[in-house]
Amino acid sequence: MGNKIASPSLTKEILNRYQLNLKKGLGQNFLVDSNIINIISQTAQIKGDELLIEIGPGIGALTQSLLGELDQSGHLLAIEKDSTMFAALQDIFNDETKLTLLNEDALKIDWPELVADYQKSDTSVKIIANLPYYITTPIIMSILESELKIDKLVFMVQKEVGERICAGPGTKKFGSLSVAVQYYLEPEIIHHVPAEVFIPQPDVDSVIVSLSPYSVNKYQNQVQDKNLFFKIVKSIFQQRRKTLRNSLSKSAVIALERELVTAALKAENIDLKKRGEKLTITEMISLSNRILQLQD
Ligand code: SAM
C-alpha cells in the first residue's frame, strides 16, 4: 500500500472496505495525522535492523510508517487483539515480509519469551504503541517488570498518565506510577497530541512519551530488596498526606514497627515530620535499604 493510511479519507475507506465496527471498549481511536506518526517513528530512532514490537496496530497507520524505517534485516511484530481488525491487517499487509501479525491480547504476552523467539543475536528491541488507554499502566508495568532488555519504548498515552509517569518529587502528580516507571527507565514527554488527530476523537488529550535506558543504572543496582522498596513506595503514596513516620508504621501494606521507622529516618537524616511524597527516588531507596539493615 503506497498511500499513507494515516489520513482521514483512507482511514474511513479502510473501515468501510473491511466493514469494521469500532469497539470503544478496545480503545479504537485511529491516528489520521501523518505528522504525529512521523514524530512517533522518529522518537524511536529506528536503525533499520532492529526488532520492533507494536501493540495495537489497528488498521496499520503506525505499522506502515515503522515498516518504512526497517531494512530487510529488521522485523516488526504487531500484536492486535481484535480478530476482525487482525484479518483486515493481514489483507492490507499481505505482501510484507518484514511483518509478523499476532492476533493476541498484549496483556497476556510473556515479553522475554516473545523477544527470544524473534530477536536475531543482539539486535535492539524497541516497543512502540498508540496504546489503548484502558491498558496503559498494566502494559507498561508488565513490560518493565519482566526486566526485558529494551532499547526504547515509545508510547502514546493519555496526557494525565504521561504527566504522572514523568513527574518528579514534591509535585502533585508524583506517585507510585512515577517511581515504578522511573525505577527502570528514564521517561520524557516528547509531544502533546490533541484529540482532533484521531478518528473517532477520544474524550482526552494525549502525549507521546519516550522511555530510555539510563546511561548509568541509577536505581536498579542500588535497591537491596525490591519487594520491600516497592511496599514502602506504595505505603508512602497510599497515604500521601501523612508524615513518613505515620505512613510507614500505619500502613496496610507494610506496617513497620514505629521505633524501627523512627530509627531509620534518624539514621538517614530525614525530618520525622516530612511527607514521603517529597523524597527523591534515591532517598526512598536509601531509606528502604536502611530499614532492611535495621530489620536484620
Ligand atoms: N495503532 C493504531 C493507530 O495509531 O491508529 C490504532 C491505535 S488504537 C488507540 C488501539 C488498538 O489496540 C486498537 O486497534 C485495539 O483493537 C487494540 N487493542 C486493544 N486492546 C488490546 C490488547 N489487549 N492487546 C492488543 N491490542 C489491543
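The values are calculated or read from the model by the stated rules, or taken from the named source; none is laboratory data. As the structure is a prediction and not an experimental result, all values here were calculated from the model. With ideal geometry, Cβ positions are generated from the backbone for all residues, glycine too; neighbour counts draw on all protein chains shown.
Read through the list (1) more than 10 Å from the ligand (Cβ to nearest atom); (2) in a helix (DSSP H, G or I), then give the number of the only condition that Ile40 fails.
(1)
Pick from Thr63, Thr84, Thr97: which is closer than 24 Å to Arg17 by Cα and part of a loop (DSSP other than H, G, I, E, B)?
Answer to the selection: Thr97.
Counting just the residues of segment 43-60 that are farther than 12 Å from Thr123 by Cβ and in a loop (DSSP other than H, G, I, E, B), which one comes out farthest from the ligand (Cβ to nearest atom)?
The extreme case among them is Gln45.
Every residue in segment 245-290 that is in a helix (DSSP H, G or I), over 31 Å from the mean Cα position of the chain (by Cα) and among the hydrophobic types (A, V, I, L, M, F, W, C), please.
Leu260, Val261, Ala263, Ala264, Leu265, Ala267
Would you please name the residue that is surrounded by the fewest Cβ atoms within 10 Å (Cβ to Cβ), looking only at residues in segment 186-202 that are in contact with a helix residue (DSSP H, G or I) (Cβ under 9 Å, 6 or more places away or on another chain) and under 30 Å from Ser215 (Cα atoms)?
Among those that are in contact with a helix residue (DSSP H, G or I) (Cβ under 9 Å, 6 or more places away or on another chain) and under 30 Å from Ser215 (Cα atoms), it is His192.
Which members of segment 213-230 meet the condition of being farther than 14 Å from Val179 by Cβ, in contact (Cβ under 8 Å) with a residue 60 or more places away in the chain and under 20 Å from the mean Cα position of the chain (by Cα)?
Pro213
One residue is enough: does segment 35-51 have a residue meeting the conditions over 21 Å from Ser73 (Cα atoms) and either touching a Gly at 6+ places or on another chain (Cβ under 6 Å) or at pLDDT below 95 (or both)?
no
State whether one or more residues within segment 201-208 are within 22 Å of Tyr183 (Cα to Cα) and modelled with pLDDT of 95 or more.
yes
So, in segment 100-115, of the ones that are part of a loop (DSSP other than H, G, I, E, B) and surrounded by fewer than 19 Cβ atoms within 10 Å (Cβ to Cβ), which residue ends up nearest to the ligand (Cβ to nearest atom)?
That would be Asp105.
Inside segment 139-241, counting only strands (runs of 3 or more DSSP E) that do not spill past its ends, which hold 1 or more residues that are in contact with a Gly (Cβ under 6 Å, 6 or more places away or on another chain)?
186-193, 206-212
Out of curiosity, is Leu76 within 14 Å of the ligand (Cβ to nearest atom), more than 21 Å from the chain's Cα centre (by Cα) and crowded, with 22+ Cβ neighbours inside 10 Å?
No.
Which ones in segment 12-37 are farther than 25 Å from Leu153 by Cβ, within 12 Å of the ligand (Cβ to nearest atom) and assigned to a helix (DSSP H, G or I)?
Scanning segment 12-37 gives Ile14, Leu15, Lys24.
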